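Below you'll find the structure, written out as structure tokens, and then a few comments.
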Amino acid sequence: MAIKGVLKEELDNSIRMKERYEKELEKLPVGSLIKKKIKGHEYYYIVLRENGNVKFEYKGRDVPDKLKDEYSRLKELRKKYRNNISQLKKQIKFLNGALRGKESI
């Protein structure tokens, strides 16, 4: 029975971590910075989805490197959070099955 206690504790911890990652993901600004080339000129936009439609927000011909770096960092952070959430969902599913006796330990 000690194993079930450990599994239950791990399940609770995994659920808390998943919720924390989801909250952090919601805090991040949406969209990605892209560069479009139109008639030989480069323009920067923030591209995002709103109500199922793709929306472009014009940011100008030149954007500071700081903004480019920030959106690049945010993109990597979103990827990391989504990957962690995916792994935690799999772990939660496994632990739920193990606690019900359906998974071999």
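The values are calculated or read from the model by the stated rules, or taken from the named source; none is laboratory data. Keep in mind it's a predicted model, so treat the numbers as computed, not measured. Methodologically, a virtual Cβ is constructed for each residue, glycine included, from the backbone with ideal geometry; neighbour enumeration extends over all protein chains shown.
Odds and ends about this structure:
- Output for region 37-52, where each listed residue is among the charged types (D, E, K, R), assigned to a strand (DSSP E or B) and either free of Cβ contacts under 8 Å to residues at least 12 places away in the same chain or on the phi > 0 side of the Ramachandran plot (or both): Lys37, Glu50
- Residue within region 19-30 that is in contact with a strand residue (DSSP E or B) (Cβ under 8 Å, 6 or more places away or on another chain) and more than 30 Å from Ala2 (Cα to Cα) present: yes
- Residue in region 74-87 that is at pLDDT 90 or above, surrounded by 11 or more Cβ atoms within 10 Å (Cβ to Cβ) and among the acidic types (Asp, Glu) present: no
- Exclusive hit being in a helix (DSSP H, G or I), more than 21 Å from the chain's Cα centre (by Cα) and in contact (Cβ under 8 Å) with a residue 24 or more places away in the chain, set Ile15, Ile3, Ile85: Ile3
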